[in-house]
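Okay, so here's the structure we're looking at.
Taken together, the values in this text are just the output of simple stated rules run on the coordinates, not laboratory data. From a predicted model like this one, the values you see are computed outputs, not experimental measurements. We place every Cβ from the backbone using ideal geometry, glycine too, and count neighbours over all the protein chains shown.
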Amino acid sequence: MFLYTLTLQRATGIVCATYGNFTGGKMQEIVVARGKVLDLLRPDDNGKLQTLLSVEIFGAVRSLAQFRLTGSQKDYIVVGSDSGRIVILEYNKEKNLFEKVHQETFGKSGCRRIVPGQYLAVDPKGRAVMIGACEKQKLVYVLNRDNAARLTISSPLEAHKSHTIVYSITGVDCGFDNPIFAAIELDYSEADQDSTGQAANEAQKHLTFYELDLGLNHVVRKWTEPIDNGANMLVTVPGGGDGPSGVLVCAENFVIYKNQNQPDVRAVIPRRQDLPPHRGVLIVSAATHKLKALFFFLLQTEYGDVFKVTLDYEKDSDQVTELKIKYFDTIPVTSAMCVLKSGFLFAASEFGNHALYQFQSIGEDPEVESSSLTLVETEEGYQPIFFMPRKLKNLVQIDDVESLMPIMDMKVANLFEEETPQIFSLCGRGPRSSLRILRPGLAVTEMAVSQLPGVPSAVWTVKKHANDEFDAYIVVSFVNATLVLSIGETVEEVSNSGFLDTTPSLAISLLGDDSLMQVHPSGIRHIRADGRINEWKTPGKKTIVKVGFNWMQVAIALSGGELIYFEMDMSGQLMEIEKRDMTGDVACLDIAPVPEGRQRSRFLAVGSYDSTIRILSLDPDDCMQILSVQAVSSPPESLLLLEVQASTGGEDGADHPASVFLNAGLQNGVLLRTEVDMVTGQLSDTRTRFLGLRAPKLFSALVRGRRAMLCLSSRPWLGYIHQGHFLLTPLSYETLEYAASFSSDQCAEGVVAVARDALRVFTIERLGETFNQTVVPLRYTPRKFILHPKQKSLIILESDQGAFTTEERDTNKREVIEAACAHRNGRTEEDEEMADGENEDPLPDEQYGYPKAEPNKWASCIRVLDPKTSTTTCLLELQENEAAFSLCAVNFHDNKELGSLIAVGTAKDLQFMPKKEASGGFIHIYRLADEGKLELVHKTPVDGVPTALCQFQGRLLVGVGQVLRIYDLGKRKLLRKCENKNFPNTIIAIHTYGDRIYVGDIQESFHYVKYRRDENQLYTFADDSCPRWLTASLHIDFDTMAGADKFGNVYVMRLPQDVSEEIEDDPTGGKIKWEQGRLNGAPNKVEEIIQFHVGEVVTSLQRASLIPGGGESVLYGTIMGSVGALLPFSSREDVDFFSHLEMHLRQDNPPLCGCDHMAFRSAYFPVKDVIDGDLCEQYPTLTSELQRKIADDLDRTPGEILKKLEDIRNRII
Amino acid sequence: MSTYGGDSWVPEAMRRKQQVDHVLQDVHLLDRYSDQWRRLSNGRIACLVCPHRPVLDTFPMLVIHRKGEKHQAAAVKHEERDFRLRNEIQKRTALEASRETETVRSNPQRTQTSSLPACSPLLAATRKRTAQVLAMSDDSKGMRYSSTGGDVVPYTKQKFSQGTPFFSAAPSQVSTQPMKVEKTSTNAATLQSDSGKQKKGQRDSEPKVVSKEDQDRRHERERLLRLREAGWRLDGNGKWFRDESVEFDSDEEAPTDLS
């Protein structure tokens, strides 16, 4: 049992982000860390965020910072990770990759208390970097330049202080004086010693300045001062001539300006009016915007409100006189904000979609503002300032980057009866939660659909001149006519184009620089630029059946199998060059495009009905001679010679020589892809893939300026090269008949296609993505869901802690608005108008968040959703502070009349911090009536939180804390029939199969349980020897379970065959009853057969096949919003091949951020029998020498390795 | 450093190994007949084929001995004896098996013939109770519910499909449904076995007609198990009483006593 793991969709959540000029030009880029992936993003001219580069680093990125050496034009990236190393990266624009400039080891790997990596701070002048741990250790590296202007890094200087916890560090801008770093620290040495706890209560946070003395080359603690215990973040204030220097300390409710030898300047953070008085306001992210003469800060609170902070200071003495905090806008809570010079704000959301905003203004208008000068101190403390959030005023959202983070639950089913199943995933948190339906394939944006007078058979686009940027005509062919549409401001029919419109067309193309060609069944019409028309007629009664062409050459096939080849001569005339009789009718033709710098293409591909494809030469020396023949499984329907240009690791991130691929769509629905030797025309290295039930028709298209292939089968596919991989991905669009690439000023790279009687224009977005999404918003954080088997609906549990129910929220909102209108505290009339507007159109909760309630208050609902129409057919809000946690569908064996019921487990008054036992829970039994309405049958109180439910032999199995119970349906409540109280902690998952029950414990992995009917008892007969903190579970077969733990591991465990047989064959049944436990657990232990560290917390596991007729794999979804698959290998050879490939890549391509691949995959338990596909797929990104070296070691060619990688990917998706 | 020392130890070692291999060529053949000789505790070797058990010093000597005329003659006899023995074992196994099937077939008849006369009610009651108790314990393991509905499925180990193994060589065979449930003539679903196991063949050869009595017995057994599952327990007198740790509907009535 070997598994191949592959990430299908990379993590979408963002942990930290930084921005700078990494390419060295004027453009600013953003580097984001998505857990174990490092991405380089850039907003393009249309304001869409494009991913330039995405690298898996096989480690956890914990912090990112950017710096620039003085006088340099380019920024470097410093990465703090769990590798125990500091890594400095430089972006190489030419090769499109991150280059490791420096990597210095300072400690052990892993996220540890005292190993630095958690915090990074750079000197604003780029002279030093400080890397800190959560406790004790801080190291300072001096950055410098050598004679060749290369970056050098010194050995580390220690700035350790034991028994301190660090909350935040930052570099202080003090011009070109010695670099200073500021840190918020808490000394716990006394608290540790004092057992009474008094010292712990009195512990005080300090702001400490560390100075790096560049002359003496050591670090000293220069200055330390107590600060508010609520301080959590530091923000650098510009200095050295640009500002007063110092830091902003963000604390609970306050922002304080602090600097050496200066008095504190403190201002209160304005509060939302509906915020309960006991809740503080914390700053969670910050961004600084600095121009020549002005700087300001944007600080975001934990509720999402962004404030603009400005400082007034005396220019000569750098004495800060006033600190002002002004309400700016409200956007969803971010984990990082980046203000770009081009006027964009990138907000990396904590949960849910990220957004790109454009600044409309910089908040100059009057707004609620708190200032250090107007701070009023009363006996109860400082007087707060209130505001009401309003609609976006200074920002406008221009792009949205989809993020699945966090995936709470995931199921795969084909509810829509499409070719491939859909992935239903519950994503997000609180008001931003959603159900996302993922379908494999690229998303398509439809630009236009227009009805045509008949059913068209083909469509082409054509330019007027080879150098034109945009297409001039769309030509549509019908059964007996041709329609010419000109592309301009509008698309309209024209008749002066010179094309013959009374006959169907076989091909329309630009010929030479500026003449047009129309091929119709009875001849070729050549329209010169000056309007002259040359017509070539077919000899006798023969008609043209197939055409192949490029802009210099045309080959036609006449009925009966005669091939005629034309070429353009110097004078722009189309000349007949050669004829050849093929033995039978020709099924399809294609000529490769003319290579750059050549006059003609050398190859003509001819497909015949006898299931062969021939390559003919077009060279004058051996014109129309057969170069090679390939027999195929079925007659070819369409051919396309696709040239892949040579690349040296440019935009697509890979090295490969130029090559020509012959693509053939066969009548049995298979796409054949064969490499054509550029010199001899020999065919080699054939790859096949089944695309659909219809014979694929192939068309060439342009994707990001490169030639790509559109394949139209029962659904459209796009074949393109992305970051070195050739990807063949379905498009999420309807079946198309014929297509052509399309370019106009509204849509640079589009596709025009015909389907039935409509003409469709669309563009393809977000290349490289595996899934496209349909989003259905939800009300609260989704917890679990099930697919109702009969009604094909989804039943979703949602619950939120510390939230008000909808009714309470509505009443509160009304009251607050009324109160605000009554007081008019400092708001201008304009705002009043806006407030009036809000009454009609309330602020969306997705943007502004829910008002906060006490932490032990819950809001929860059960939703029945029809996925086809995305409508909610029933939504039940739970009352009396109940929150739903578990559900299942159950058929009770004694109650046939009620049919399938829904059981929902709820908790009442649940409180986590300080932990308090819930005052009980309930199991609700609902009946799903017609039209998808839920009817409560009854409600049974239980003595704990029912965290797991499952149907078992016509009854209900419930996990309540440590107890596993069987309930039967009674008339007024559920009746407890049997229980086992001996589970270690809390049961969170139950699966059943036959009379075997698999129980997942929150801390201790799986327990195998057997139910004995004759004794009405539950016996635990096997368990795991490793304590696993289970987060997801999946039943695989009778003896096997797969699980995931909260440390990011996926594992599979199996009961040994002999034990399983013994349990099942026990003749007296007494053994199971009297057997002694082993290792404080069950008498038998399961064996671990698979172990793999994913690196992200896996929240759901599913068995599914994403391709029609393909083998099943295990799919997983993670907190970070990534989706991956584990595919079982079917042959030993593959295992050998991939394990060797993995081994070579481990050696020759070590991960970017200094981690060790093997150590990462074995972070908690040694990796067992799993091959890392993500590493194997880095093979195409290696240099070609390295690729060849590895291929030689494996006794293969690089092409074969790429084919293998492609094959195994195609087996998953 | 190798034990042979020097730079050219490899060819030397190879040559030596080849020589040894050459000498022991025949000896290696002996491994195949390991049941025909035995190594004694003093390191010498005894031939087990010859009746007088000659003891030889080394393997080459054994090889030479095995080529001798005397040994060859003994070997023929040895083989004959072996053959006879195998035959006998086969015969006896076959006999044993046929006797078993006969007993099984004759069993129902015996119960019929030995049906008790009406004059001994006490005996009849005892038998009935024993049958019930046995019924409950016997088939307890044999009852299963299908995973989809509440139907009761008679279960035997042989017939129970453990699902297609997930990591099978042909993953395309893995079905989404873990078990295939099929209706049989007895109106009870049986779980289909995935591969043609030997025991399945045996099952199929059994008479398919289930007598009414068997059916009744099964129904009775099922009823008892249902009651047991629902929390009812039997006392010594065949009366049902409620298990204290189990909840019941307030109006639920005790089932009729078995006595």
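Shown in residue order for the stretch A:1101-1115 are the 3J(HN,Hα) couplings computed by the Karplus curve 6.51 cos²θ - 1.76 cosθ + 1.60 at θ = phi - 60°: 10, 9, 9, 6, 10, 8, 10, x, x, x, x, 7, 9, 8, 9 Hz (x for Gly and Pro).
Within a 10 angstrom radius of each residue's Cβ in A:1013-1025, how many Cβ atoms of other chains show up on average? Whole number is fine. Average neighbour count from other chains, rounded to a whole number: 3.
Counting Lys and Arg as +1 and Asp and Glu as -1 over every other residue whose Cβ lies under 14 Å from the Cβ of A:VAL462, the net charge comes to -2. For the stretch A:1046-1126, the set of trypsin sites (Lys or Arg not before Pro) satisfying both a DSSP loop assignment and a count of at most 14 other C-beta atoms within 10 Å is given as A:ARG1078. Remark on A:LEU901: its backbone amide H falls under 5 Å from those of A:VAL890, A:ASN891, A:PHE892, a criterion applied only to residues 5 or more positions apart or on other chains, H modelled at 1.01 Å from N. When all alpha carbon pairs of the stretch A:434-550 are counted in 5 Å bins from zero, the resulting P(r) reads 2, 10, 18, 22, 17, 12, 7, 5, 4, 2, 1, 1, 0, 0 %.
Whole-Hz Karplus values for the stretch A:431-448 come out as x, 9, 7, 7, 9, 10, 9, 9, 10, x, x, 8, 6, 10, 9, 7, 8, 7 Hz, taken residue by residue from phi with 6.51 cos²θ - 1.76 cosθ + 1.60 and θ = phi - 60°; glycine and proline positions read x.
For a straight C-alpha distance cut-off of 29 angstrom, the lysines reachable from A:LYS1203 (same-chain residues fewer than eight places away being disregarded) are A:LYS36, A:LYS93, A:LYS95, A:LYS697, A:LYS1168, A:LYS1189. In summary, the lysines within cross-link reach of A:LYS939, defined as a Cα separation below 18 angstrom excluding same-chain residues under 8 places away, comprise A:LYS908, A:LYS971, A:LYS973, A:LYS977.
Cα-based radius of gyration for the stretch A:124-248, normalised by 2.2 N^0.38 Å, reads 1.17. Taking a sphere under 14 Å around the Cβ of A:LYS341 and counting the other residues whose Cβ falls inside, with K and R at +1 and D and E at -1, yields a net charge of +3.
Comparing Cα centroids, the stretch A:1-52 and the stretch A:341-373 end up 22 angstrom apart.
Under 5 Å from the amide H of A:ASP400 lie the amide H atoms of A:LEU356, each residue being 5 or more positions distant or on a separate chain, with H modelled from the backbone and absent for Pro and chain starts. Sorted largest first, the principal axis extents computed over the alpha-carbon atoms of the stretch A:1100-1213 equal 39, 34, 24 Å.
Two numbers describe the Cα atoms of the stretch A:237-382: Rg and Dmax, which are 15.4, 47 Å. Amide H contacts for A:MET405 (H built 1.01 Å from N in the peptide plane; partners 5 or more residues away or on another chain; cut-off under 5 Å): A:THR12, A:GLY13, A:GLY352. Counts of other chain beta carbons within 10 angstrom of each beta carbon in peptide A:966-977 average 4. For a straight C-alpha distance cut-off of 30 angstrom, the lysines reachable from B:LYS91 (same-chain residues fewer than eight places away being disregarded) are B:LYS77, B:LYS157, B:LYS159, B:LYS197, B:LYS199, B:LYS200, B:LYS208.
Enter the mean number of other protein chain beta carbons within 10 Å of the beta carbon of each residue in B:224-232, as an integer.
Mean shielding count: 5.
In the stretch A:367-432, which GluC sites (Glu not before Pro) fall in coil by DSSP and have 11 or fewer other Cβ atoms within 10 Å?
When the GluC sites (Glu not before Pro) of the stretch A:367-432 are filtered for loop state and at most 11 Cβ neighbours within 10 Å, A:GLU379, A:GLU380, A:GLU417 remain.
Note on the stretch B:33-78: Kirkwood hydrodynamic radius from all Cα pairs is 10.5 Å, rounded to one decimal.
Here is the size of chain A from its Cα atoms: Rg then Dmax, 33.9, 110 Å.
Other residues with beta-carbon under 9 Å from the beta-carbon of A:SER486 carry, at +1 per Lys or Arg and -1 per Asp or Glu, a net charge of -2. Tell me, what is the percent relative contact order of the stretch A:997-1077, built from C-alpha pairs under 8 Å that lie six or more residues apart? Taking the mean separation of contacting Cα pairs over the length of the stretch A:997-1077, I get 19 percent. Listed from fewest to most Cβ neighbours within 10 Å, the set A:GLU493, B:GLU244 follows the order B:GLU244, A:GLU493. The string of couplings for the stretch A:288-301 from the Karplus curve (6.51, -1.76, 1.60, θ = phi - 60°) is 10, 10, 10, 10, 4, 10, 8, 9, 8, 10, 10, 10, 10, 8 Hz, one whole number per residue in order, with x for Gly and Pro. Panel order for A:LEU40, A:LEU375, by other beta carbons found within 10 Å of each beta carbon, from fewest to most: A:LEU375, A:LEU40. Taking other C-beta atoms within 10 Å as the exposure proxy, A:MET1120, A:MET1 rank A:MET1, A:MET1120 from fewest upward.
If I take all pairs of Cα atoms in the stretch A:395-465, what percentage of them are more than 17 Å from each other? Cα-Cα pairs of the stretch A:395-465 separated by over 17 Å account for 68 percent.
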